[in-house]
Amino acid sequence: MSGAFDSIRRGLRQAVAHQGGKGRGVKVYQPQSVNVKRIRGRTGLTQSDFAATFGIGLGTLRHWEQGDRTPRGATLVLLNIIERDPTAVLKALQVKRKTPARTAHKGVRRTAQNRGGNGGGKGKDGGRVVDPSPM
């Protein structure tokens, strides 16, 4: 058998032993539960701003705050970090872009839609307004 297979088999045996309460040397990090509403309150952000800043769905955030659901995994870790030092996390996320935004691929005409415009006028091509300027 290959070394990779032996390693996988060994890992599976350790996981089964750990699940049965017999695992030794296995370290499991379990982040502590958090009060999401209190954390958001410490940041001074509205629900929608907090959700947008940290990439959380607004509905999910509301469920957490109401106690209907609880955060898990990496999100729970992030919330623990925010709870410990919200100012540092907010500061870290406010990175200014040093390079210009990426433009469309060469040869692709940019439209009002893919430029973030509102698509103002309706052209003959199904509502897209083509920018005739060269890229």
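Overall, segment 36-93 carries a charge dipole of about 80 debye about its Cα centre when +1 sits on the Cβ of Lys and Arg and -1 on the Cβ of Asp and Glu, all other atoms neutral. Of the peptides 40-48, 11-19, the ranking by mean beta-carbon count within 10 Å, highest at the top, reads 40-48, 11-19.
Relative to the Cα centre, what is the charge dipole magnitude of segment 1-71, using +1 at the beta carbon of each Lys and Arg, -1 at the beta carbon of each Asp and Glu, and rounding to the nearest 20 debye? Don't skip to the end; give the middle numbers.
Numbers: 12 positive and 4 negative charges, 74 e Å.
In total the dipole reaches around 360 debye.
Toward the positive end of the charge dipole of segment 26-82, with +1 on the Cβ of Lys and Arg and -1 on the Cβ of Asp and Glu, the farthest Cα among GLN30, GLY44, GLY73 is that of GLN30.
Coordinate-derived values only; no laboratory data. Since we're looking at a predicted model, the values are computed, not measured. We place every Cβ from the backbone using ideal geometry, glycine too, and count neighbours over all the protein chains shown.
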